[in-house]
Amino acid sequence: MIAIGCDHGGYELKLAVESYLNDHKLEFTDCGCSGEKVDYPDIAEKLCAKITSGECDRGILICGTGIGMSMCANKVKGIRAAVCGDTFSAKYTRIHNDANVLCMGGRVIGAGLALEIVREFLNNEFEGGRHIARLEKMQKMEGK
Ligand code: RB5
């Protein structure tokens with residue numbers, strides 16, 4: 001299950017991503033907003049709770065730049081959020097970093113590119129191997 005959320009800066013792009021998920025028969029739960037002005041930390045917190053509880057395995061957060069959402073998400077233990085504005089980063093943040101949350105900027109990239117980014121993020125898996133020790137060091141930094 002995928003969790004998706006946005007603030008007012010990411011609302012239009014979230015609708016495009018939700019259409020993509022529907023078209024590909026990918027189940028998702030919407031953590032808001034519905035276009036009204038909201039504070040992005042509230043949405044990030046709600047979405048991250050769905051990941052850390054195990055209800056969802058991946059998240060997509062969209063604000064104006066993707067940056068505020070990623071800053072908030074990365075404060076939550078167990079969350080590895082990556083802001084992506086290109087497909088290469090979206091692919092390798094899954095393969096190398098085992099990112100569980102994708103952040104994008106609705107005021108930065110268009111829907112065409114964003115959907116390609118989502119596709120790479122959802123269709124790639126963590127490679128393990130040499131990256132495991134690096135993730136363990138990352139987890140140590142968050143006090144696990
Ligand atoms: C909201 O205006 C804007 O600050 C927010 O969407 C985001 O870009 C923050 O990082």
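The values are calculated or read from the model by the stated rules, or taken from the named source; none is laboratory data. Given the structure is predicted, the values throughout are model-derived calculations rather than measurements. Using ideal geometry, Cβ is built from the backbone for each residue, glycine included, and neighbour counts are taken over all protein chains shown. SASA here: full protein model, heavy atoms, side chains in, ligands and nucleic acids out. Shrake-Rupley method; radii C 1.70, N 1.55, O 1.52, S 1.80 Å.
Between residue 133 and residue 88, what length comes free when the chain is fully extended (0.36 nm per residue of separation minus the Cα-Cα distance, one decimal in nm)? It would help to have the intermediate numbers written out before the result.
Details: separation 45, 0.36 × 45 = 16.20 nm, distance 2.25 nm.
Computed gain between residue 133 and residue 88 is 13.9 nm.
Can you tell me the accessible area per residue over the chain, all protein chains present, probe 1.4 angstrom, in square angstrom? Don't jump to the answer; show the numbers that get you there.
On the way: 7360 Å² over 144 residues.
In whole numbers, the chain has 51 Å² accessible per residue.
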At a 10 angstrom cut-off on C-beta neighbours, averaged per residue, how do the peptides 65-74, 79-88, 126-135 rank from highest to lowest?
65-74, 79-88, 126-135
Rounded to a whole number, what % of the accessible area of the chain do carbon and sulfur atoms account for, probe 1.4 Å?
51 percent
Report Rg/Rh for the chain, rounded to two decimals, where Rg is the Cα radius of gyration and Rh the Kirkwood radius.
0.95
Could you state the angle between the C-alpha long axis of helix 111-123 and the longest principal axis of the C-alpha atoms of the chain, as a value from 0 to 90 degrees rounded to the nearest 10?
30 degrees
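Using packing as a proxy for protection, rank 44-50, 93-99 so that the peptide with the highest average count of other Cβ atoms within 10 Å comes first. Mind showing how you got there, number by number?
Numbers: 44-50: 21.1, 93-99: 19.1.
Taking the mean over residues of other Cβ atoms within 10 Å, the ranking is 44-50, 93-99.
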Listed by chain and number, the residues whose amide H is under 5 Å from that of residue 58, excluding neighbours fewer than 5 places away on the same chain and using placed H, are 3
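What's the extension gain from residue 25 to residue 107 if we count 0.36 nm per residue and subtract their Cα-Cα distance?
On the way: separation 82, 0.36 × 82 = 29.52 nm, distance 2.66 nm.
Additional length available on full extension: 26.9 nm.
Dipole magnitude of the chain about its Cα centre, charges +1 at Lys/Arg Cβ and -1 at Asp/Glu Cβ only, in debye to the nearest 20?
With only Lys, Arg, Asp and Glu charged at Cβ, the dipole is about 580 debye.
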Over 23 Å between C-alpha atoms is what I'm after, so list which of 37/91; 77/137; 14/37 land there.
37/91
